[in-house]
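Heads up: the structure comes next, in structure tokens.
The values are calculated or read from the model by the stated rules, or taken from the named source; none is laboratory data. Because the structure is a prediction, the values reported are computed rather than measured. Methodologically, a virtual Cβ is constructed for each residue, glycine included, from the backbone with ideal geometry; neighbour enumeration extends over all protein chains shown. With ligands, DNA and RNA removed, areas are computed over all heavy atoms of the protein, side chains included. Shrake-Rupley method; radii C 1.70, N 1.55, O 1.52, S 1.80 Å.
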Amino acid sequence: MSEKTLFTRIIEREIPADIIYEDEHCIAFRDINPQAPFHALVVPRKPIAMVADATAADEVLLGKLLLAAAQVAREHGHGDAFRLAVNNGAAVGQTVFHLHVHVLAGRSFSWPPG
Ligand code: AMP
């Protein structure tokens with residue numbers, strides 16, 4: 001059996017995290033190294049490594065992640081202005097290979113992203 005991902009270990013409470021949202025499909029917790037005044041990660045319980053590994057069977061789950069991201073932002077006072085980011089692959093900065101949506105808010109953001 002493959003090793004549990006870091007985020008599965010957070011989901012299973014083996015590793016502590018500041019969990020701010022949870023439902024049957026996903027969980028959200030504050031990023032340990034925040035890049036904005038508000039920075040959370042929304043993570044599916046299913047340990048899909050990255051978006052490129054998702055399949056048609058994950059279609060609903062992917063939608064639920066975005067809805068959860070918006071809810072988390074709203075519940076923390078950032079419903080009108082937040083940046084979502086998903087890194088897919090080490091070459092673009094992915095470091096944890098369990099799909100996650102970054103929810104960043106509370107400062108201005110440049111475009112295009114760096
Ligand atoms: P990425 O680089 O897109 O894979 O994002 C991984 C994110 O996970 C980074 O922003 C890290 O700061 C964050 N991270 C790593 N370990 C933890 C942890 N134990 N608790 C919360 N966030 C973490």
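Some notes on this structure:
- Residue check for Phe7: within 12 Å of the chain's Cα centre (by Cα) and of a type outside the set (A, V, I, L, M): yes
- Only residues that are under 16 Å from His39 (Cα atoms) and not aliphatic (A, V, I, L, M) were counted across the range 59-93, and they come to 11.
- The range 64-105, residues that are among the small types (Gly, Ala, Ser) and surrounded by fewer than 21 Cβ atoms within 10 Å (Cβ to Cβ): Ala70, Gly77, Gly79, Ala81, Ala85, Gly89, Ala90, Ala91, Gly93
- For the range 25-41, a residue qualifies if it is more than 10 Å from the ligand (Cβ to nearest atom), open to solvent by 40 Å² or more (accessible area, probe 1.4 Å) and either within 21 Å of Pro113 (Cα to Cα) or without any contact (Cβ under 8 Å) to a residue 24 or more places away in the chain (or both), and exactly one does: Pro37.
- Residue in the range 58-78 that is assigned to a loop (DSSP other than H, G, I, E, B), out of contact with any Asp or Glu (no Cβ under 8 Å at 6 or more places or on another chain), at pLDDT 95 or above and among the polar types (S, T, N, Q) present: no
- Evaluation of Glu22 against (1) within 16 Å of the ligand (Cβ to nearest atom); (2) more than 26 Å from Ser108 (Cα to Cα); (3) open to solvent by less than 70 Å² (accessible area, probe 1.4 Å) (one fails), failing number: (3)
- Among the conditions (1) assigned to a loop (DSSP other than H, G, I, E, B); (2) touching a helix residue (DSSP H, G or I) at 6+ places or on another chain (Cβ under 6 Å), the only one that Ile27 does not satisfy is (1).
- A search for C-beta distances below 9 Å between a residue of the range 1-14 that is over 12 Å from Ala49 (Cβ atoms) and outside any loop (DSSP other than H, G, I, E, B) and any residue that is open to solvent by 100 Å² or more (accessible area, probe 1.4 Å) and within 12 Å of the ligand (Cβ to nearest atom), counting only pairs 6+ apart in sequence or on different chains, returns Ile10/Pro16.
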